[in-house]
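Engineer: Right, I'll just put the structure down here and ask away after.
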Amino acid sequence: MTRGRFITLEGGEGVGKSTQLRALTAAIAARGVEVVATREPGGSAGAEAIRGLLMEGSDDRWDARSEALLFAAARADHVARTIRPALDRGAWVLCDRFVDSSRAYQGGGGGITDVDLLALHGFGSQGLLPDRTFLLTLQADEAAERLAVRDAGGADRMGSKPADYQTRLAARFLEMAAAEPDRWRIVDAGKPAEAVTDAIMSQLESWL
Ligand SMILES: Nc1ncnc2c1ncn2[C@@H]1O[C@H](COP(=O)(O)OP(=O)(O)OP(=O)(O)O)[C@@H](O)[C@H]1O
Ligand SMILES: [Mg+2]
C-alpha cells in the first residue's frame with residue numbers, strides 16, 4: 001500500500017480556502033481516491049477542544065508564546081490521531097491551513113521566530129510537512145469584500161486583525177513559498193471558484 005498524499009491550502013482570510021477544500025475533496029473522491037478533508041486548528045477531538053480556546057475570547061486572550069504552543073499542541077494531536085493514520089492507509093489528506101499558517105501568523109505577526117516555530121513542529125508533529133501546499137492569493141480588498149458578505153454576523157478572534165496585518169501576512173506567505181518552491185504552488189484565487197478548483201486539480205493530475 002502506498003502512502004497517501006498530504007495537501008494543504010494556505011493564504012489569508014477570505015481567499016477561498018474552505019470553498020476550495022470542499023470542491024477539491026469532491027473532485028478527488030470522484031476519481032476513486034479516499035480523501036480526508038480536515039482543518040486547523042482542529043481536525044481531531046483534542047485539537048477541536050484546543051480550537052475553542054484559540055478562536056474564542058478577546059484579541060489579547062493569549063500571549064504570543066502561549067498561543068504558539070496551543071497551536072502546536074492542537075496540530076500534534078491532529079497529526080497523530082487524524083493525518084498520519086489516514087496517510088498510512090493510503091488516503092489523501094486535504095487540510096485547510098497547517099504549520100505554515102502558524103509560521104505566517106505567530107511568526108509574522110506574533111514575533112516568534114521561524115526557527116522556534118519549526119522546533120515546536122519538530123517536537124509536536126515530528127516535523128511532518130505537506131507533499132504540496134497551495135497558496136491562494138487575492139487582492140486584500142477583494143478578500144475583505146468576500147468576508148463582509150460571509151461574516152455579516154461578525155468575525156472570530158483570528159479574523160479580526162487590522163489591514164496592515166493582512167498585508168504583512170500576505171508578504172510572509174509569498175516569502176515562504178519562494179523559499180521552498182518544490183512544495184509550494186501559488187494560485188490566483190481571484191477567478192471564479194470553479195476555475196480555481198480546475199487550476200489546482202490540473203496541478204494534482206500527475207498524482208491521480
Ligand atoms: N473564487 C471565488 N469567487 C468569489 N467568491 C468566492 C470565491 N471563493 C470563495 N468565495 C466566497 O468568499 C467567501 C470566503 O470564502 P471561504 O470561506 O472559502 O474563504 P476562507 O479562505 O476559508 O476564509 P477564512 O480564512 O475566513 O476561513 C465565501 O462567502 C465564499 O463563498
Ligand atoms: Mg475557511
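Engineer: Go through the stretch 24-45 and count every residue that is surrounded by fewer than 18 Cβ atoms within 10 Å (Cβ to Cβ) and either within 16 Å of ligand 2 (Cβ to nearest atom) or assigned to a loop (DSSP other than H, G, I, E, B) (or both).
Structural biologist: Summing the residues that are surrounded by fewer than 18 Cβ atoms within 10 Å (Cβ to Cβ) and either within 16 Å of ligand 2 (Cβ to nearest atom) or assigned to a loop (DSSP other than H, G, I, E, B) (or both) in the stretch 24-45 gives 6.
Engineer: Hey, could you check the stretch 187-200 for residues that are surrounded by fewer than 16 Cβ atoms within 10 Å (Cβ to Cβ) and out of contact with any Gly (no Cβ under 8 Å at 6 or more places or on another chain) and say which is nearest to R103 (Cα to Cα)?
Structural biologist: D188
Engineer: Return the residues of the stretch 48-71 that are of a type in the set (A, V, I, L, M), surrounded by fewer than 18 Cβ atoms within 10 Å (Cβ to Cβ) and more than 16 Å from R103 (Cβ to Cβ); say none if nothing qualifies.
Structural biologist: Once the filter is applied, which keeps residues that are of a type in the set (A, V, I, L, M), surrounded by fewer than 18 Cβ atoms within 10 Å (Cβ to Cβ) and more than 16 Å from R103 (Cβ to Cβ), the stretch 48-71 yields A49, L53, M55.
Engineer: Hey, does the stretch 91-113 have a residue that's aromatic (F, W, Y), part of a loop (DSSP other than H, G, I, E, B), under 23 Å from M55 (Cα atoms) and at pLDDT 95 or above?
Structural biologist: There is at least one residue in the stretch 91-113 that is aromatic (F, W, Y), part of a loop (DSSP other than H, G, I, E, B), under 23 Å from M55 (Cα atoms) and at pLDDT 95 or above.
Engineer: May I ask you to say which residue of L87, L129, L117 is at pLDDT 95 or above, among the hydrophobic types (A, V, I, L, M, F, W, C), in contact with a strand residue (DSSP E or B) (Cβ under 9 Å, 6 or more places away or on another chain) and within 25 Å of E13 (Cβ to Cβ)?
Structural biologist: On the way: L87 fails: within 25 Å of E13 (Cβ to Cβ); L117 fails: in contact with a strand residue (DSSP E or B) (Cβ under 9 Å, 6 or more places away or on another chain).
Just a single option satisfies the conditions, and that option is L129.
Engineer: May I ask you to list pairs of residues, at least six apart or on different chains, whose Cβ atoms are under 6 Å apart, with the first in the stretch 143-172 being in a helix (DSSP H, G or I) and the second being at pLDDT below 75 and open to solvent by less than 50 Å² (accessible area, probe 1.4 Å)?
Structural biologist: Y165/G109; R168/G108; L169/G108; R172/G108
Engineer: Any chance you could count how many residues in the stretch 1-23 are within 18 Å of A193 (Cβ to Cβ), open to solvent by 40 Å² or more (accessible area, probe 1.4 Å), touching a residue at least 40 places away in the same chain (Cβ under 8 Å) and more than 11 Å from the chain's Cα centre (by Cα)? Break it down stepwise before answering.
Structural biologist: Looking only at the stretch 1-23, we keep the residues that are within 18 Å of A193 (Cβ to Cβ), and these are 7, 9-23.
Right, trim to open to solvent by 40 Å² or more (accessible area, probe 1.4 Å) and you get 18-19, 22.
Still in the list and also touching a residue at least 40 places away in the same chain (Cβ under 8 Å): 18-19.
Among the residues that remain, those that are also more than 11 Å from the chain's Cα centre (by Cα) are: 19.
Total meeting the criteria: 1.
Engineer: Taking into account only those residues within the stretch 181-204 that are in contact (Cβ under 8 Å) with a residue 40 or more places away in the chain and part of a loop (DSSP other than H, G, I, E, B), which is nearest to K17 (Cα to Cα)?
Structural biologist: A189
Engineer: Quick check: anything in the stretch 72-92 within 18 Å of A104 (Cβ to Cβ) and surrounded by fewer than 20 Cβ atoms within 10 Å (Cβ to Cβ)?
Structural biologist: No, the stretch 72-92 contains no residue that is within 18 Å of A104 (Cβ to Cβ) and surrounded by fewer than 20 Cβ atoms within 10 Å (Cβ to Cβ).
Engineer: Since G111 meets every condition but one in (1) under 30 Å from V33 (Cα atoms); (2) surrounded by fewer than 18 Cβ atoms within 10 Å (Cβ to Cβ); (3) not hydroxyl-bearing (S, T, Y), which condition does it not meet?
Structural biologist: (1)
Engineer: A further question on this structure: Scan the stretch 49-69 for residues that are more than 15 Å from ligand 2 (Cβ to nearest atom), of a type outside the set (G, A, S) and free of Cβ contacts under 8 Å to residues at least 40 places away in the same chain and jot them down.
Structural biologist: Residues satisfying the conditions are I50, L53, D60, W62, D63.
The values are calculated or read from the model by the stated rules, or taken from the named source; none is laboratory data. All of these numbers come straight from a predicted model, not from anything done at the bench. Don't worry about glycine lacking a Cβ; one is built from the backbone with ideal geometry, like all the others, and counts go over all protein chains shown. For the accessible areas, the whole protein counts, side chains as well, though only heavy atoms, and no ligand, DNA or RNA atoms are used. Shrake-Rupley method; radii C 1.70, N 1.55, O 1.52, S 1.80 Å.
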